[in-house]
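Only one structure is covered here, and it is reproduced in the block below.
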Amino acid sequence: MNMDEESIKIEITKDEALVLFDMLSRYSDADILSIEHQAEQRALWNLTCVFEKTISGAFDPDYKKVLEAARNRLQDET
């Protein structure tokens with residue numbers, strides 16, 4: 001990470017972390033993002049709530065522009 005990049009800290013439970021890790025590991029292995037257990041859905045909902053509290057740009061009137069700029073900075077170089 002570039003030292004000039006802004007960072008945020010989020011807190012999730014160990015259970016949420018374990019469930020999300022497993023779900024994302026499956027995605028990494030198979031390129032298929034799917035919910036196989038209701039706990040995965042709950043963990044994603046909880047994570048969304050954490051992001052809503054943490055990310056100021058989520059409610060910015062120019063959200064689409066802010067999101068596009070973030071995507072451009074984050075994507076791999078082609």
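See the values below:
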{"read-out": "Counted residues, the range 14-37 - those being within 24 Å of residue 75 (Cα to Cα), surrounded by 10 or more Cβ atoms within 10 Å (Cβ to Cβ) and either of a type outside the set (A, V, I, L, M, F, W, C) or in contact with a Gly (Cβ under 7 Å, 6 or more places away or on another chain) (or both)", "value": "4"}
{"read-out": "Subset of the range 43-72 (residues that are of a type outside the set (S, T, N, Q), touching a residue at least 12 places away in the same chain (Cβ under 8 Å) and in contact with an Asp or Glu (Cβ under 8 Å, 6 or more places away or on another chain))", "value": "43, 47, 50"}
{"read-out": "Complete set of residues in the range 19-37 that are out of contact with any helix residue (DSSP H, G or I) (no Cβ under 9 Å at 6 or more places or on another chain) and part of a helix (DSSP H, G or I)", "value": "21, 24, 25, 26, 27, 28, 29, 30"}
{"read-out": "Count - residues of the range 53-62 that are assigned to a helix (DSSP H, G or I) and open to solvent by less than 100 Å² (accessible area, probe 1.4 Å)", "value": "3"}
{"read-out": "Among the residues listed as 11, 40, the single one being over 25 Å from residue 75 (Cβ atoms), of a type outside the set (A, V, I, L, M, F, W, C) and not in a helix (DSSP H, G or I)", "value": "11"}
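The values are calculated or read from the model by the stated rules, or taken from the named source; none is laboratory data. These numbers come from a predicted model, not from an experiment. No Cβ is skipped: glycine too gets one built from the backbone with ideal geometry, and neighbour counts run over all protein chains shown. Heavy atoms of the whole protein, side chains included, go into the accessibility calculation; ligands, DNA and RNA do not. Shrake-Rupley method; radii C 1.70, N 1.55, O 1.52, S 1.80 Å.
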